[in-house]
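Take a look at the structure set out below.
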Amino acid sequence: MRVFLKYIIVVLLVSLCVNNSNAQFGSAPPLKSTPQNPVSWQFSIKKMDNGAYRLEAKATLANGFHIWAQDPGGDGSLIPTSFTSEQMQSGKWINDWKEMESPKSEKVSVFGDAVVRWFEKTVTFYRDFNAKKGDKIKGAVQYQSCNDQMCFPPAIQNFMVVVD
């Protein structure tokens, strides 16, 4: 009986790990938002006219929610949206992560009248790079989603894309 229970536990753990895998290849469908995580992400690579590539990370937010900009401002307590990535096989980054859209901004008294910056509905972050076809880019985005009443703990979304 003990062996059977161990087997069931192992199967459940493996299925949870597989079902929660966050890997994305190429231009895969977005990861859906849920009540516990109102942000869905889609990662894609686009070839630019100059021969370089652009990695885009598009966040789509549920109504009433926002995520903080890469430079959220405030009093230092806000969790900025940030990206990490592993070293590419043969590629090289051209620039740092940038925001395609300008964030909303407002002075907020709760943060000592400091300006805070955030995004609602959708935002696309991007980073340009040189690479060979077949190179894989693995990384993660850390962000915090909030509404007018509360903020969720910071979340991490892993990704993997392949240069086509």
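The values are calculated or read from the model by the stated rules, or taken from the named source; none is laboratory data. For clarity, every value in this text was computed on a predicted model and none was experimentally measured. Here the Cβ is made from the backbone with ideal geometry for all residues, glycine too, and neighbour counts use every protein chain on show.
For this structure, a couple of remarks:
- Filter result for Gly91 (over 13 Å from the mean Cα position of the chain (by Cα), over 14 Å from Ala59 (Cβ atoms) and in contact (Cβ under 8 Å) with a residue 60 or more places away in the chain): yes
- Asp148, sole failed condition from (1) under 17 Å from the mean Cα position of the chain (by Cα); (2) not in a strand (DSSP E or B): (1)
- Test: residue in the range 47-55 that is closer than 13 Å to Glu120 by Cα and surrounded by 15 or more Cβ atoms within 10 Å (Cβ to Cβ): no
- Complete set of residues in the range 128-145 that are closer than 14 Å to Gln87 by Cα and either outside any strand (DSSP E or B) or basic (Lys, Arg) (or both): Ala131, Lys132, Asp135, Lys136, Lys138
- Options Val18, Val11; residue that is within 30 Å of Lys132 (Cα to Cα), outside any loop (DSSP other than H, G, I, E, B), β-branched (Val, Ile, Thr) and at pLDDT below 70: Val18
- Qualifying residue in the range 71-85 (condition: surrounded by fewer than 16 Cβ atoms within 10 Å (Cβ to Cβ), at negative phi and hydrophobic (A, V, I, L, M, F, W, C)): no
- A single entry from Asp75, Asp96 fulfils the requirement of being part of a loop (DSSP other than H, G, I, E, B), touching a residue at least 12 places away in the same chain (Cβ under 8 Å) and in contact with a Gly (Cβ under 8 Å, 6 or more places away or on another chain): Asp75.
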